[in-house]
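The values are calculated or read from the model by the stated rules, or taken from the named source; none is laboratory data. If you're wondering where the values come from, they're calculated on a predicted model, not measured in any experiment. Note that each Cβ is placed from the backbone with ideal geometry, even for glycine, and that neighbours are counted across all protein chains shown. Ligands, DNA and RNA are excluded from the accessible area calculation, which covers all protein heavy atoms including side chains. Shrake-Rupley method; radii C 1.70, N 1.55, O 1.52, S 1.80 Å.
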Amino acid sequence: MIKKLLEAENLFKKSEKISEMDRREFLKIGLAVTGVFAGGSIVSAVSAAEKMFPPGTYVEKYPYKPHYSMVIRVDQCIGCRRCMNACVSTNSVPDYGWRTRVLEKEVSDAIGQKGEFIPILCNQCNNPPCVRACPVTATYKDKQNGIVMMNNKKCIGCKICIAACPYDARYYNEEKGAIDKCDFCFESKLSHGEKNVACSVICPTDVRVFGDLSNPQDRVYKLIHQLQKPVWVLKKETDAKPNIFYMKG
Amino acid sequence: MGCAENSSLTNHIKDAYSRVLSGGPVYLFLACLFFVLFIIGVISGIYSIFIAGSRHSYGASREIPLAMLIATYTFFVITSTGLCLVSSIGHIFGVRDFMPIAKRAVLLSAITILSGFLVIGLELENPFRLAIYMFVSPNFSSNIWWMGVLYAFELIFLAIEFIFIMIDNHKVSAAAGLFALFFGIAAISNLGGVFAMLQGREYWYGPYLPIFFIASALMMGCASIIFFTVIAYRIEEKSLDDAMASSLAAVGKLTMIMLAVVMFFTIWKMVTMTVGGTETILVIDALVKGPFAFNFWILEVGLGMIVPFALLMGSGGRRIGIMFIAAALMIFSFFFARLDMVVVGEIVPLYWDLGVKEYSVLNTYTPRWREILVVLGGIGFCGIAFMFGEKIFMDSGNARRPEGAESEGADNEP
């Protein structure tokens with residue numbers, strides 16, 4: 001890592017004009033180091049997007065329109081868990097299941113802040129392992145908005161999608177007779193013309209920013225396409241290409 | 001003509017019925033026991049899924065979604081493919097020592113696959129939807145979809161193979177057997193793929209399981225045919241004839257080879273896991289000295305590998321009683337080995353690497369009694385189908401050795 005950093009610095013010295021590629025390389029190195037502390041896979045905004053989509057398609061075109069995404073400003077979370085309650089009441093989530101959760105991390109020997117809260121939910125992956133595993137296409141990727149949906153009447157309840165999901169985002173809902181998961185409140189809100197999801201609306205500290213990643217005017221787009229602040233995704237190594245991004249600040 | 005055929009069929013059924021009834025008290029007791037187990041298992045499964053709800057009945061959970069019933073299904077279908085493989089050695093590839101066991105192996109292969117279907121049918125939350133949406137809404141990238149298709153074809157060809165064995169048309173039965181073999185191997189490796197293609201589960205992910213399942217299938221096929229053949233001769237109260245004894249000796253040798261192969265698979269799986277990162281080390285820890293240590297060391301390694309290997313070696317292929325004990329131990333232990341394989345793949349919490357409180361303890365699984373009853377139901381079905389199958393389709397006393405084959409001479413008392 002240090003060697004790479006030195007090499008990158010040499011590149012900067014060689015040319016007075018810092019190219020975009022060099023700038024990216026520098027960011028990747030710096031952010032990779034930060035990732036050790038964050039616990040997740042951390043990448044620069046640009047490289048994150050390059051991981052999500054085939055080369056060359058990042059800036060030019062997103063697979064979905066709108067391309068629903070969420071940015072979680074993890075350091076703003078105070079652990080009030082109103083998002084969880086809002087999700088439960090909006091989507092009739094039973095007491096034995098959950099669609100979103102706020103995890104708590106405690107590092108007693110850390111300097112300064114001793115802990116943090118990490119909200120999790122379905123990552124609406126672009127390469128969803130659950131969709132690949134389902135034998136009867138009961139779960140599928142919506143071709144328009146990219147949300148991983150459920151067609152309850154098809155679900156056979158084999159639970160392979162639960163095992164396949166790297167994000168623990170699924171559970172079997174007895175009342176529905178099918179697997180249940182976060183659909184970005186599509187059934188309860190978005191399909192009725194509302195623009196935001198329940199967990200984002202209720203959040204008092206603006207942790208969850210929901211929006212359209214393909215719209216340059218959208219706040220999500222702006223948060224993801226900046227280079228100043230690190231952005232990361234969870235479980236990058238599974239190559240699921242998630243659409244839930246994490247950042248601080 | 002049709003009338004004569006009907007009459008012949010009626011006579012055949014009457015004969016089979018009288019053979020079942022004349023099986024003796026032990027036979028009838030065991031038949032009743034297996035039948036009761038089968039019925040209780042089915043009732044337990046139906047009640048669990050359709051009335052009480054699987055969440056209240058089975059030990060599987062969000063954290064451990066695939067558990068004992070999946071392990072039992074895996075156990076049965078691996079055995080089924082193994083039996084199909086063993087039958088093919090003689091019946092399709094013409095190895096004469098394996099011919100006497102072929103017919104029984106085909107029948108048992110069909111029985112065990114049906115036992116597996118029964119168990120998984122009582123595990124699925126909505127089994128009736130499967131029958132519809134497998135056809136109208138298939139997902140060709142799903143291993144489970146392929147599993148259903150491949151096993152269905154294997155079963156169809158096994159049935160054709162068996163019917164043509166019964167009517168002594170070996171050309172057609174061998175052709176059907178070849179297809180059954182093809183679909184069986186494809187199905188078993190694909191079953192490995194069900195686990196191996198879950199990239200979020202480090203313990204399962206990779207090409208290991210599809211290959212391992214084929215090797216372990218052949219091992220289980222060998223063990224099962226030894227086990228069931230000895231019982232079949234006990235049912236008939238007959239000693240093994242030379243042809244069958246010689247055949248079982250050959251099967252015993254193959255069992256030892258496959259046991260050794262499975263041992264190497266197991267050793268190298270464990271060794272490679274030591275450098276696989278924190279999560280795989282946690283799994284090793286659980287297997288070697290954690291909650292799965294008894295299952296791993298005593299059942300899977302001890303009773304499932306080392307003791308049977310020693311017994312088979314000591315039997316010299318002649319002492320059938322010892323071979324039977326080795327086979328019984330292998331079958332018993334293999335069930336727990338599959339249970340371990342399924343459950344330990346899910347014990348490491350998915351967000352373990354984040355170091356958060358909610359995912360800081362290894363997931364646990366304890367089977368519930370209704371789940372265990374479904375497993376016993378599967379065993380009951382297998383048992384009753386075998387016992388009826390022996391009386392209806394088999395004639396243990398007349399297993400013939402192909403001409404020209406030499407007898408090894410043996411202490412043939414089962």
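Against the conditions (1) open to solvent by 80 Å² or more (accessible area, probe 1.4 Å); (2) within 14 Å of chain A (Cβ to nearest Cβ), B:GLY59 satisfies every one except (1).
Report, by residue number, each residue of the range B:366-395 that is farther than 16 Å from B:PHE227 by Cβ, at pLDDT 85 or above and open to solvent by 30 Å² or more (accessible area, probe 1.4 Å). Answer for the range B:366-395, where residues must be farther than 16 Å from B:PHE227 by Cβ, at pLDDT 85 or above and open to solvent by 30 Å² or more (accessible area, probe 1.4 Å): B:THR366, B:PRO367, B:ARG368, B:TRP369, B:ARG370, B:ILE372, B:LEU373, B:LEU376, B:PHE381, B:PHE388, B:ILE392, B:PHE393. Among the residues making up the range A:105-130, those that are out of contact with any Ser or Thr (no Cβ under 9 Å at 6 or more places or on another chain) and crowded, with 16+ Cβ neighbours inside 10 Å are A:LYS105, A:GLU116, A:PHE117, A:ILE118, A:ASN123, A:ASN126.
Residues that are within 12 Å of another protein chain (Cβ to nearest Cβ) and open to solvent by less than 40 Å² (accessible area, probe 1.4 Å) within the range B:318-358 comprise B:VAL342, B:VAL343, B:GLY345, B:GLU346, B:VAL348, B:PRO349, B:LEU350, B:TYR351, B:LEU354, B:VAL356, listed in sequence order. Is it true that B:ILE113 is without any contact (Cβ under 8 Å) to a residue 60 or more places away in the chain and open to solvent by 10 Å² or more (accessible area, probe 1.4 Å)? No. Could you list all residues from the range A:183-196 that are among the hydroxyl-bearing types (Ser, Thr, Tyr) and either without any contact (Cβ under 8 Å) to a residue 24 or more places away in the chain or in contact with a strand residue (DSSP E or B) (Cβ under 9 Å, 6 or more places away or on another chain) (or both)? Once the filter is applied, which keeps residues that are among the hydroxyl-bearing types (Ser, Thr, Tyr) and either without any contact (Cβ under 8 Å) to a residue 24 or more places away in the chain or in contact with a strand residue (DSSP E or B) (Cβ under 9 Å, 6 or more places away or on another chain) (or both), the range A:183-196 yields only A:SER191.
Take the residues in the range B:130-147 that are free of Cβ contacts under 8 Å to residues at least 12 places away in the same chain and crowded, with 21+ Cβ neighbours inside 10 Å, then tell me which one is nearest to B:ILE92 (Cα to Cα). So, considering only residues that are free of Cβ contacts under 8 Å to residues at least 12 places away in the same chain and crowded, with 21+ Cβ neighbours inside 10 Å, the one nearest to B:ILE92 (Cα to Cα) is B:TRP145. Looking at the range B:220-239, which of its residues are open to solvent by 10 Å² or more (accessible area, probe 1.4 Å) and either under 13 Å from B:ILE320 (Cα atoms) or at pLDDT 95 or above (or both)? The answer is B:PHE227, B:PHE228, B:ILE231, B:ARG234, B:SER239.
Working carefully through the options A:ASP239, A:ASP212, A:ASP180, find the one that is acidic (Asp, Glu), touching a residue at least 60 places away in the same chain (Cβ under 8 Å), buried (at least 18 other Cβ atoms within 10 Å of the Cβ) and within 14 Å of another protein chain (Cβ to nearest Cβ). Steps first, please.
Numbers: A:ASP239 fails: buried (at least 18 other Cβ atoms within 10 Å of the Cβ); A:ASP212 fails: within 14 Å of another protein chain (Cβ to nearest Cβ).
Within the list A:ASP239, A:ASP212, A:ASP180, the selection yields A:ASP180.
In the set B:ASN363, B:ASN412, B:ASN398, only one residue is modelled with pLDDT under 90 and surrounded by 12 or more Cβ atoms within 10 Å (Cβ to Cβ); that residue is B:ASN412. Taken over the range A:131-145, residues that are within 22 Å of A:ALA198 (Cβ to Cβ) and buried (at least 24 other Cβ atoms within 10 Å of the Cβ) amount to 1.
Select from the range B:308-332 the residues that are within 21 Å of B:THR72 (Cα to Cα) and among the β-branched types (Val, Ile, Thr) and list them in ascending order.
The initial filter retains those residues of the range B:308-332 that are within 21 Å of B:THR72 (Cα to Cα), namely B:326-332.
B:ILE331 - this is the single residue of the range B:308-332 that is within 21 Å of B:THR72 (Cα to Cα) and among the β-branched types (Val, Ile, Thr).
Given the criterion farther than 26 Å from B:TRP204 by Cα and not in a strand (DSSP E or B), identify the matching residue among A:GLY97, A:GLY79, A:GLY157. Explain how you work it out, then say what you get.
On the way: A:GLY97 fails: farther than 26 Å from B:TRP204 by Cα; A:GLY157 fails: farther than 26 Å from B:TRP204 by Cα.
Being farther than 26 Å from B:TRP204 by Cα and not in a strand (DSSP E or B) holds for just one of A:GLY97, A:GLY79, A:GLY157, which is A:GLY79.
Would a scan of the range B:148-160 turn up a residue that is assigned to a helix (DSSP H, G or I), open to solvent by less than 10 Å² (accessible area, probe 1.4 Å), within 14 Å of chain A (Cβ to nearest Cβ) and in contact (Cβ under 8 Å) with a residue 60 or more places away in the chain?
Taking the range B:148-160 as the starting set, the residues that turn out to be assigned to a helix (DSSP H, G or I) are B:148-160.
With open to solvent by less than 10 Å² (accessible area, probe 1.4 Å) added as a condition, the list becomes B:151, B:154, B:158.
Those left that are additionally within 14 Å of chain A (Cβ to nearest Cβ): B:151.
Subset that is in contact (Cβ under 8 Å) with a residue 60 or more places away in the chain: B:151.
Looking for residues that are assigned to a helix (DSSP H, G or I), open to solvent by less than 10 Å² (accessible area, probe 1.4 Å), within 14 Å of chain A (Cβ to nearest Cβ) and in contact (Cβ under 8 Å) with a residue 60 or more places away in the chain, one finds at least one in the range B:148-160, hence yes.
Restricting attention to the range A:136-154, the residues that are outside any loop (DSSP other than H, G, I, E, B) and either among the aliphatic types (A, V, I, L, M) or within 7 Å of chain B (Cβ to nearest Cβ) (or both) add up to 4.
Is it the case that some residue within the range A:220-227 is farther than 25 Å from A:VAL93 by Cα, open to solvent by 10 Å² or more (accessible area, probe 1.4 Å), part of a loop (DSSP other than H, G, I, E, B) and out of contact with any Lys or Arg (no Cβ under 8 Å at 6 or more places or on another chain)?
First, the residues of the range A:220-227 that are farther than 25 Å from A:VAL93 by Cα: A:220-227.
Narrowing the set further to residues that are open to solvent by 10 Å² or more (accessible area, probe 1.4 Å) leaves A:221-223, A:225-227.
Checking which are part of a loop (DSSP other than H, G, I, E, B) leaves us with A:225-227.
This time we only want the ones that are out of contact with any Lys or Arg (no Cβ under 8 Å at 6 or more places or on another chain), so: A:225-226.
Yes - at least one qualifying residue is present in the range A:220-227.
If you go through the range B:295-317 and keep only what is over 22 Å from the mean Cα position of the chain (by Cα) and surrounded by fewer than 20 Cβ atoms within 10 Å (Cβ to Cβ), you end up with B:ALA310, B:MET313, B:GLY314, B:GLY316.
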